1. Hey, can you tell me all the residues within the stretch 89-119 that are without any contact (Cβ under 8 Å) to a residue 24 or more places away in the chain and surrounded by fewer than 16 Cβ atoms within 10 Å (Cβ to Cβ)?
2. Can you name every residue in the stretch 29-44 that is free of Cβ contacts under 8 Å to residues at least 24 places away in the same chain and either within 9 Å of the ligand (Cβ to nearest atom) or buried (at least 17 other Cβ atoms within 10 Å of the Cβ) (or both)?
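Here, each number is a calculation from the coordinates, and none is a lab measurement. Predicted, not measured: the structure shown is a model, and the values here were computed from it. All Cβ positions, even for glycine, are placed from backbone atoms using ideal geometry, and neighbour counts span all protein chains on display.
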Ligand SMILES: *[C@@H]1O[C@H](CO)[C@@H](O)[C@H](O)[C@H]1NC(C)=O
C-alpha cells in the first residue's frame, strides 16, 4: 500500500508540471525577416517554434535583415541549391544573414529565445540567452551601433 501511494504521488507531480509543449507556446518569440535580392525585397513574420514556414517568394536572395532575432544562429534557411551563410551587421546596426550564392529561400524555421536590446543577458549571475540583435556587455544586450 505504501508503494502504491508513492507511485500515485509521483504521477501527481508529473501531471502538475507543465508539459514542454505548453512552455514552448508561452515562450515563442515572433521573428521579423526582410529578404533582399537586388532591388527587390519581401518581409516574412514567423513564430520561433521550430516549424518550417514557406516564403512563397522566389526572388534570388542575397541578404536577409533580422532586426529582432538572432537569425544567423537560431534560424534554418531552406534553399534549392547548396548555400553558405555568413553573419553581418548593416551600417545601421541591423543583424544580417548573407546568402551565397544568391538564390531563392523556400522556407525558414527558427527556434529558441533571444534577449531584446537592453534586456538582461545575465540575471543574478545566470546566463539568460543570446542577444537578438547586439552584444552582451555588463549584463545587458547592447545595440551593435549606438543610437545617435
Ligand atoms: C518590411 O519591414 C520593414 C521593416 O520593418 C518595413 O519598413 C517595411 O514597410 C515592410 N514592408 C512590407 C511590404 O511590409
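1. The answer is 101, and nothing else.
2. 41, 42, 43
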